[in-house]
Amino acid sequence: MIGVLAAAVVIAFVLARHAAPAGAAASDPPPGATYDPALVNKGAWLSAIGNCSTCHTADKGATFAGGRPLSTPFGTLYATNITPDPDTGIGRWSPSDFLRAMHQGIDKEGQNLYPAFPYDHFTHVADDDVDALYAFLMTRDPVRMQTPANRIMVPRAAISVWKALYFKPGPLAPDAAHDASWNRGRYLVDGLGHCGACHTPRNALGAEKEREDLAGGTADGWRAPALNESSPAPLLWTVEQIATYLRAGFDAAHGTAAGAMAPVAHNLSTVPESEANAIAVYIASRMAARGEARATAAGNAAGGPGAADPELSARGEDSSIDPRQANDGDAIYRSACAGCHDGGRRGIALDHSTSTTDTSPANLIRVTLDGIHPREGEHGGMMPAFRGALDDTQLVSLVAFLRTRFGHAPAWQDVGSEVAKAKRANEDGKSS
Amino acid sequence: MITLKVNDRAHEIDADPKTPLLYVLRNELGLNGAKFGCGLGQCGACTVMVDGEAVFSCLTPILLLQGRAIKTLEGLGTAQRPGPLQQAFIDEQAAQCGYCIAGMIMRAQALLERNPSPTDEEIRAHMNPALCRCGTHLRILRAVRRASKTMQGATQDGKKA
């Protein structure tokens, strides 16, 4: 009873404190405003780092005109039109409206924005970078396109509570223990790049778990591997490898950027090299802690108490699967996969891929079913789709086999249900 | 020995289980509809149907196919009595050199069996993995649309296509 009362008081307090500011913000953008081309150019690559066009563009839709559905555990949201169309886009937004949306998650009308728009990260973006983004967006072609209505069970009023609990507005303080490049990398990763939106696990209310920053999450049904000390990468990433992967979408020792990461790499191919390098410096340092974790784990008995990384230390354990499944999976691997992955045809060796070592079979299943395809009209890593060639039983055996043979890890428990999920997610066999 | 069920006929195949289905179809069974194009699953010339889905026969080892229903171009009709989809391709003159067409037809067949009246958007998305170097895509799309209509008409008349 006291608990309920206390909760009610907290919520009332929170609502009072975080009630969205009333009314629209001050003014429209100055009519006929012009923008410094250098600023627009900077906004263009900043927008690429923010991956803005990926969410704010519908399939085959006009860039930035919104309408892309984003499914969340709470319902479906539609990304908005951020072209400068005055009626359906942000054409009437002033620079300060835009800054407020980025930093506080409040739209021009004063309403709270759903945090699917990652203002928990964008709040860290410096004012002059926000200005550059604004200049870039305001100089795009206006597209008249009404954003479909959201279908979500969370009322906007509840966002105030969410914000009070999880939203920490304001810039990041630089970390004096690290150099400028590392700090730049953290600024981009935690801020505009919003890497944690996929690579950090979320709690029941959809907020990133602060204490598990970059510890691995999900994106569109794909697994977004951990980028911190629990990175499942079989070979530790170097700074150069991360930078190459981010800009080219491929690194020979780790593989191809697939799924939700493919458009991220495509966007990063357009940003200044120094920016991608800074991201790489920061991520590599976050992962480097793994070397120490691994050393500690090796110092203990395998899987014994005190092992620093349960996942890594678990690798020595009995990881047997049903012998018949192993046998079938082995035969399938040798006949359908090894030609490329084990035969010098430039398919990545599967013991280099996080798809066999990570905590979930989602990526291995999705890549096997739908392959990897370069962006329309571009070069890139490719793998053919095996949907249809493999029936469900064969796919389950193959995945179970690859896990033990190349992941050297205990069997996944959820292969069958992940296969069903991946098939439902892409029923029409859309392979690109 | 692996038993392959091709166009409703069972064949005992004595070949290395790694052998791609395409080689068995062409070299053992004399079914030359499916073509070798790229050998990498990137062009679609080798497409056949397995359990109702379009697959690249150049990449599919026969090991995977024991007892599963394989359908090839030859299973849709003959030169004398082409099936409705084949007839639609003829009517629209959708082939130029024709090398991709067997694969195109089998990929389209898989779509129409699952979705008898696809939208243009669905046809385009589904046919995307199949390439035609001559550039007859627009005729191919017309042929698929035409077949969608004729096949539905035939079904409604009680004459199953």
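Some points to look at:
- Exclusive hit being hydroxyl-bearing (Ser, Thr, Tyr) and closer than 30 Å to A:ILE159 by Cα, set A:TYR245, A:TYR187: A:TYR187
- Matching residues in segment A:216-234 - criterion: being out of contact with any helix residue (DSSP H, G or I) (no Cβ under 6 Å at 6 or more places or on another chain) and within 17 Å of A:ALA289 (Cα to Cα): A:GLY216, A:ALA226, A:SER230
- For segment B:50-68, residues that are surrounded by fewer than 24 Cβ atoms within 10 Å (Cβ to Cβ) and either more than 7 Å from chain A (Cβ to nearest Cβ) or charged (D, E, K, R) (or both) total 6.
- Residue in segment B:69-78 that is more than 8 Å from chain A (Cβ to nearest Cβ), without any contact (Cβ under 8 Å) to a residue 12 or more places away in the chain and either over 21 Å from B:ARG114 (Cβ atoms) or assigned to a loop (DSSP other than H, G, I, E, B) (or both) present: yes
- Residue match in segment A:81-89 (condition: within 30 Å of A:GLY259 (Cα to Cα), in a helix (DSSP H, G or I) and at pLDDT 95 or above): no
- Residue check, B:LEU40 within 21 Å of A:TYR333 (Cα to Cα) and at pLDDT below 95: yes
- Looking across segment B:110-122, the residues that are under 17 Å from B:VAL48 (Cα atoms) and away from every other protein chain (no Cβ under 11 Å) come down to B:LEU112, B:GLU113.
- Some residue of segment A:183-196 being of a type in the set (A, V, I, L, M), surrounded by fewer than 21 Cβ atoms within 10 Å (Cβ to Cβ) and either modelled with pLDDT of 95 or more or over 18 Å from the mean Cα position of the chain (by Cα) (or both): no
- Tally of residues being over 17 Å from B:PHE56 (Cα atoms) and out of contact with any helix residue (DSSP H, G or I) (no Cβ under 8 Å at 6 or more places or on another chain) across segment B:4-33: 8
- Being within 26 Å of B:ASN115 (Cβ to Cβ) and either surrounded by 15 or more Cβ atoms within 10 Å (Cβ to Cβ) or more than 10 Å from chain A (Cβ to nearest Cβ) (or both) is a property that B:PHE36 lacks.
- For A:MET153, the test of being aliphatic (A, V, I, L, M) and surrounded by fewer than 16 Cβ atoms within 10 Å (Cβ to Cβ) is passed.
- Scope segment A:117-142; condition among the aliphatic types (A, V, I, L, M) and surrounded by fewer than 19 Cβ atoms within 10 Å (Cβ to Cβ); matching residues: A:ALA126
- Applying the set (1) part of a helix (DSSP H, G or I); (2) touching a Pro at 6+ places or on another chain (Cβ under 6 Å) to A:PRO142 leaves exactly one unmet item: (1).
- Residue match in segment B:67-90 (condition: at pLDDT below 95 and in contact with a Lys or Arg (Cβ under 9 Å, 6 or more places away or on another chain)): yes
- Among the residues here, A:ALA226 qualifies as outside any helix (DSSP H, G or I) and of a type in the set (Gly, Ala, Ser).
Okay, residues lined up against (1) at pLDDT 60 or above; (2) touching a Leu at 6+ places or on another chain (Cβ under 7 Å); (3) more than 14 Å from chain B (Cβ to nearest Cβ):
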site	(1), (2), (3)
A:ALA253	yes, yes, yes
A:MET261	yes, no, yes
A:PRO272	yes, no, yes
A:ALA278	yes, yes, yes
A:TYR282	yes, no, yes
A:MET287	yes, yes, yes
A:ASN300	no, no, yes
A:GLY304	no, no, yes
A:GLY329	yes, yes, no
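- Test: B:GLN87 is within 14 Å of chain A (Cβ to nearest Cβ), in contact (Cβ under 8 Å) with a residue 60 or more places away in the chain and touching a helix residue (DSSP H, G or I) at 6+ places or on another chain (Cβ under 8 Å): no
- For segment A:254-273, taking the residues that are touching a Lys or Arg at 6+ places or on another chain (Cβ under 9 Å), assigned to a helix (DSSP H, G or I) and touching a residue at least 40 places away in the same chain (Cβ under 8 Å), the one that is surrounded by the fewest Cβ atoms within 10 Å (Cβ to Cβ) is identified as A:PRO263.
- Failed item, numbered, when B:GLY135 is tested on (1) at pLDDT 95 or above; (2) out of contact with any Ser or Thr (no Cβ under 9 Å at 6 or more places or on another chain): (1)
- Scanning segment A:205-212 for any residue that is at pLDDT below 95, assigned to a loop (DSSP other than H, G, I, E, B) and surrounded by fewer than 19 Cβ atoms within 10 Å (Cβ to Cβ) turns up at least one such residue.
- Identity of the residue in segment A:331-344, within 31 Å of the chain's Cα centre (by Cα) and surrounded by 19 or more Cβ atoms within 10 Å (Cβ to Cβ), that ends up farthest from the other protein chains (Cβ to nearest Cβ): A:HIS341
The values are calculated or read from the model by the stated rules, or taken from the named source; none is laboratory data. Nothing here was measured: the structure is a model prediction, and the numbers come from that model. Note that each Cβ is placed from the backbone with ideal geometry, even for glycine, and that neighbours are counted across all protein chains shown.
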